[in-house]
Amino acid sequence: MAVVKRLCAAVLLLGVLSVLTYGLLAAAPGGPEQVLLGGRPSTPETRAAIREQYHLDDPFPVRYARWLGDALRGDFGTSISSREPVTAVIADRLPVTAGLAGYALVLTVVVGVPAGLAAAMRRGGRLDQGITLTSLVALSIPPFALSILLLYGFAVALGWFPVFGAGDTPMDRIVHLTLPAIALATGQAAIVVRQMRAAALDLAAQDFLTFARARGLPRRRVWVSYALRNAALPVLTVGGLLLAANLTGSVFVEQAFGLHGLGALLVGAVGQKDIPVVQALVLLGGAIVIVVNLLIDLAYVAVDPRVRHKAAAA
Amino acid sequence: MTSAKAATAAAVVLALVTACSSGGAAEPARDSLVWATASPPNSLDIAHGFNNASTLIQSAVLDTMLTLDTRGAPAPRLATEWTQPDPATYLFTLRKGVRFADGTPLTADDAAFSLRRHLDPKVASQAASYFTTVKQVEAVGADQIKVTLKRPNPAFLAMAAIAWQVTPRKLAEAHPQDLGSPEVGTMGTGPFKVAKFSLTSGVVLERNASYWGRPPALRTVEFKTITDPETLRLAVRSGEVDATDGLTVRDARKWTGLPGVRTIFYPGNNIGYLSLAVTSGPLKDLHVRRAIAHAVNRRAVSDLMTSGHGAPATTVLPAPQLAALYGDSPPSLPAHPYDVQRAKAELAMSAYPQGFELAVPYASTGDSGTVMQAVAADLAKIGIRLTLEPSPADQYRARVMQHDRLSIQYVNLAYGTPDPLEVLPDMVSRAAAEPEGFNFSGYGTAATDRQLDALASATGQDRKALVTALLTEVAEQVPYIPLFSTDYAVALSEKFTGTFTTWSADVIASLRPAGR
Amino acid sequence: MRAILLTVLSLAAVAAVAGSWLAPYDPAAQDLALGAVGPSAAHWLGTDDLGRDVLSRLLAGAGSALMWPVLVAVCTTLLSTTLGLLAGYRLGWVDTLLMRAADLAIALPGMLVLIVVVGVVGGGYGWAVLAMAVLFTPGDIRVIRSLTLAQRELAYAEAARTLGLRPSRIMFRHLLPNVAPTVVANTLLSFVAALVALAGLSFLGVGLPAGTPDWGLMVEENRGLLDLNPWASIAPAALITVVACAATLLGDRAFESLSKGGLR
């Protein structure tokens, strides 16, 4: 039952998203014509042919219905600027963004969780203050400014990393994506640090930790086995949402590092009124967020026995 | 003509061959090169990818029937020669023994279809406007192609040199809409063939072993797209990119100092100008238009936008076109030099002696914001207050092409051919003053249309006289204020050298290791 | 520490309100002949490529750079606090409706929506502010709601109900002060997020018209001048970072001290 409800909500959300996007793009002045004509002088015959081919004279509901009908059959249309099937365009770019998002998430968790935990363990101490301050600063740096800083520092001045592109071989790709992933992960790691620290502190005040300490368990063991397990939930939520955000919102970093990912594709497609591409990207973005949310809930069940029992009881 | 102009004109014909690099000889000469473009090539077919990045790659893979020599005159390429049995007919003779990169022989039928397809509304070719005078294209015998025009058109050869790319008929016929896309690809007879075309990772070209001409020096050329200008510069600086045409001359100062990189400038076939909508409002008043022409400091605007790698424009024709038509003796045209006092005097004679306010739309990205800010500051000095109204570039373009609320627009257009016929009808014909046309001033009379008609088939001295008459009229009536022309720029690693001229299409084929 | 933070934010506020008067030059005045030059006695932070004084533009731009994020923060806070209290206190269909709506909004791919809206509609930050308020609110609603849920069961809330106080009075007079630390912290976080996101939109070239003195836009427009006058882009980027840091730190402190003083 819950699954059906969720599916309905998901379909509703995607439907609303697609109508809004399509409407917004169709209502804005200008259309794909200028892109198709290449901004060059054109003949009346060419213009008439384009209007007919792209059904530009049909009213909005008809155009949307046509798009929807095709989309439901799995045909997302052809990109106006590259004349490739939209699915091919996206499939071509997804690995770059997915690689970047995954890499950034790994960095975020690897740095954020231990740092947050360490800060909570030494609450109020030098270490805590240092970590908290650093994370606050990291949270406040605009990602594009950080990208430029990293570019100048590590790629140009030191020459440790390549300046642009995504690399071809897997190893090459890791090297290429390191700086972009750091730029992307910095702000997010700060969020995880804060979340982890807060969650762990909340727990520290609770009885079972006091009890565990009273039993004389070593401090580190108490923190790692109890606090980590219990703080995992909020951190998991944040991590999942960050992954979704990375897949759809790494555009600043992509732009600064010359990566041809989904974000850069979206910015270009919006500028060119490439409706099929924008539509598919927005739907993909919505679907990713929905799936991630679903996975988070499932993970909740796996991690937290209380939720598991409640679910079983319901 | 000023001496600066003469120098510019002379430089057009100067093939810029960079000298041997004096760098260490330890490194062996490389035979592969990475070229970065600022915008992604979207199609390897000129019918759907008539833009700098796409056409650059097309010209390395696809041969055109003819080409332009360093002076801009038509020269043989796939056609070894052509005759003109009558003023409206051309007969091209096809080069013998040419094969496409896959081994199939090139036929006259392929060549004929390659031109004919641009007339097909189903193809919706971006080059269609080049060939509006073409009536019929047919293969005659095994190696001749006959092109019949509706009326004589001296600009036809120049346009064909840019856009008559030859592909196999079979391929082009099967893919009217998506020839040249990453999925379909393309096939040509040029010095290179496409090894890989992806919108994400770029284009890789390989030397075409069966090329009919002199084999290119490079084995592979890889094209990458870097849209961010600063990232592009860093990529060239770090040596990850060997060459780029993606720099703007406005940033020239930042490029000329890069170690190991040579920045090459050559005259561009382009013109930046202000278009004044003459049909209504204050701009209808000739005195107002002349006042504006006197008030704009085009030297300052030119320096701002070109950093000295360009020149203030005196007329609406790009300098290379002037040079191609008039050689070293361009006509003297009426001018409106920068003079605030004369501007005020003109304005005093108009119906708006106290000045006026005018809403001016512009595109919020790109150069137009900068130019319009400078122009607005100049005009404020004589009491004309411009209200700058930004809109996103695509919306601005759509609005301008609809001729919606035109007032003062900044326009910068680049052209392909040395022929004024590519420019003038767009500027002063009444047909182009309609929506989707490029006559944003709305200027044009039955008389100018007659002159344009006469120009369309005039040759020799008549042609010069007609162009001079039109340019004089434009200068006197001021529907346009020419601002500046910009050099083109290429940044090239010192490990390589190449030939860059205004008209040369085979830039990629000319690239070679330095010292060879 | 707090004094420093407050000083930074007050200075920013002064610049935002009175920046145009404080500016030594007209922020739009051009000197094309001068172009972009580094700091000098006449121009403390140098000029940009149109020869405009960077310091003047920074001062004049403070208003635009800070006003929009403040607007986002205020809208988000008002909406999320009201709705969150309502959902958490009233429960029932109000709660269900609001939570479903929040679920929907949270599932929106945020940055994507922002780029599409601002890129397509264009014309300044107005739409971006609206879109951001819509995007930021649902998360905050959830937080406030869950806090309210906990508070409403506490003795003082029970007592207020028993006394027969009106629900609106209970919500805003009694519950609100107890969730205030979170509200304050959320407001400051929304401000920071909006500040950074708007600067990012300018970086992508969507949003404000060229030539508007605005910090985010200055970073982007003058990024190409790093060799000629690095201050033209570094100074606004640094200001954004400093203000954002100060606001985040202040939010953090405010949360801690208010929580201690509160009933929790």
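Please report the relative contact order for chain C, taking Cα pairs under 8 Å with a sequence separation of at least 6, and give it as a percent rounded to a whole number.
Result for chain C is 25 percent.
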Note to self: C-alpha centroids of region A:127-202 and region C:106-170 sit apart, in Å, by 30 Å
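For C:230-241, what's the mean count of beta carbons from other chains sitting within 10 Å of each residue's beta carbon?
Shielding by partners across C:230-241 averages 2.
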Between the modelled labels at B:Asp86 and A:Phe211 (7 Å from Cα along Cα→Cβ) the distance in nm is 10.7 nm
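Please report the relative contact order for region C:1-99, taking Cα pairs under 8 Å with a sequence separation of at least 6, and give it as a percent rounded to a whole number.
Numbers: 107 pairs, mean separation 23.2, N = 99.
Here the relative contact order equals 23 percent.
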Restricting to aspartates and glutamates and to Cα separations under 20 Å from B:Lys464, and discarding same-chain partners fewer than 8 apart, the set is B:Asp328, B:Asp419, B:Glu422, B:Asp426, B:Asp449, B:Asp453, B:Glu473, B:Glu476
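Tell me, what is the Rg over Rh of region B:274-375, with Rh the Kirkwood radius over Cα pairs? All intermediate terms of the calculation are to be shown ahead of the outcome.
Numbers: Rg = 15.4 Å, Rh = 15.4 Å.
With Rh from the inverse mean 1/r over Cα pairs, Rg/Rh is 1.00.
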Most packed first (mean Cβ within 10 Å per residue), the peptides B:382-390, C:111-119 order as C:111-119, B:382-390
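Among the listed pairs B:Lys284/B:Lys381; B:Lys122/B:Lys146; B:Lys224/B:Lys495; B:Lys193/B:Lys495; B:Lys135/B:Lys196; B:Lys196/B:Lys495, which have their C-alpha atoms separated by more than 28 angstrom in this model?
Working: B:Lys284/B:Lys381 21 Å; B:Lys122/B:Lys146 23 Å; B:Lys224/B:Lys495 19 Å; B:Lys193/B:Lys495 23 Å; B:Lys135/B:Lys196 37 Å; B:Lys196/B:Lys495 25 Å.
Checking Cα-Cα distances, B:Lys135/B:Lys196 exceed 28 Å.
Treat the count of other C-beta atoms within 10 Å as a stand-in for reagent exposure and order B:His294, B:His287 from fewest to most.
B:His287, B:His294
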Mean per-residue count of partner chain Cβ within 10 Å for A:131-139 equals 4
Computed over chain B: longest principal axis from alpha-carbon atoms vs helix B:286-295 long axis, angle to nearest 10 degrees, is 70 degrees
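Using a 10 Å cut-off on Cβ atoms, rank the peptides B:235-245, C:34-44, B:309-319 from the highest mean neighbour count down. Write out the running numbers ahead of the final one.
Numbers: B:235-245: 21.9, C:34-44: 15.5, B:309-319: 24.5.
Result, highest mean first: B:309-319, B:235-245, C:34-44.
Under a Cβ-Cβ cut-off of 14 Å, what is the net charge of the residues other than B:Pro152 that fall near it, where Lys and Arg count +1 and Asp and Glu count -1? Please report the intermediate quantities before stating the final value.
On the way: positive: B:Lys135, B:Lys150, B:Arg151, B:Arg463; negative: B:Asp86, B:Asp419, B:Asp453, B:Asp462.
Value of the local net charge: 0.
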Summed over the other residues with a beta carbon less than 14 angstrom from that of A:Pro85, with K and R at +1 and D and E at -1, the charge totals -4
Most packed first (mean Cβ within 10 Å per residue), the peptides B:487-500, B:355-368 order as B:487-500, B:355-368
Applying the span-like rule to chain A (DSSP H, Cα extent along axis at least 24 Å, Kyte-Doolittle mean at least 0.0) gives A:2-27, A:86-121, A:170-204, A:228-249, A:275-303
Cross-link reach from A:Lys5 to lysines, straight Cα distance under 27 Å and at least 8 residues apart if same chain, gives A:Lys310
Note: A:255-263 gets an average of partner chain Cβ contacts (10 Å, Cβ to Cβ) equal to 5
In Å, the C-alpha Rg and Dmax of region A:25-79 are 12.5, 37
So, over other residues within a Cβ distance under 14 Å of A:Gln195, counting Lys, Arg +1 and Asp, Glu -1, the net charge is 0
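Tell me, what is the percent relative contact order of chain B, built from C-alpha pairs under 8 Å that lie six or more residues apart? If you can, show how the numbers build up before the last one.
Values: 1111 pairs, mean separation 113.0, N = 516.
So the answer I get is 22 percent.
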Listed by chain and number, the residues whose amide H is under 5 Å from that of B:Asp69, excluding neighbours fewer than 5 places away on the same chain and using placed H, are B:Ala75
Taking the protein assembly as shown and counting helices only, DSSP H stretches of n ≥ 4 at -39,500 (n - 2.57) each over all residues, the nearest-500 ellipticity at 222 nm comes to -17000 deg cm²/dmol
Expected vector for region B:119-135, Karplus 3J(HN,Hα) from phi with 6.51, -1.76, 1.60 and θ = phi - 60°, integer Hz, x for Gly and Pro, equals 8, 7, x, 4, 6, 6, 6, 6, 9, 4, 5, 5, 10, 5, 8, 6, 9
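Throughout, read-outs are computed from the coordinates displayed, never taken from laboratory work. What you are looking at is a predicted structure, and each value in this text was computed from that prediction instead of being measured. All Cβ positions, even for glycine, are placed from backbone atoms using ideal geometry, and neighbour counts span all protein chains on display.
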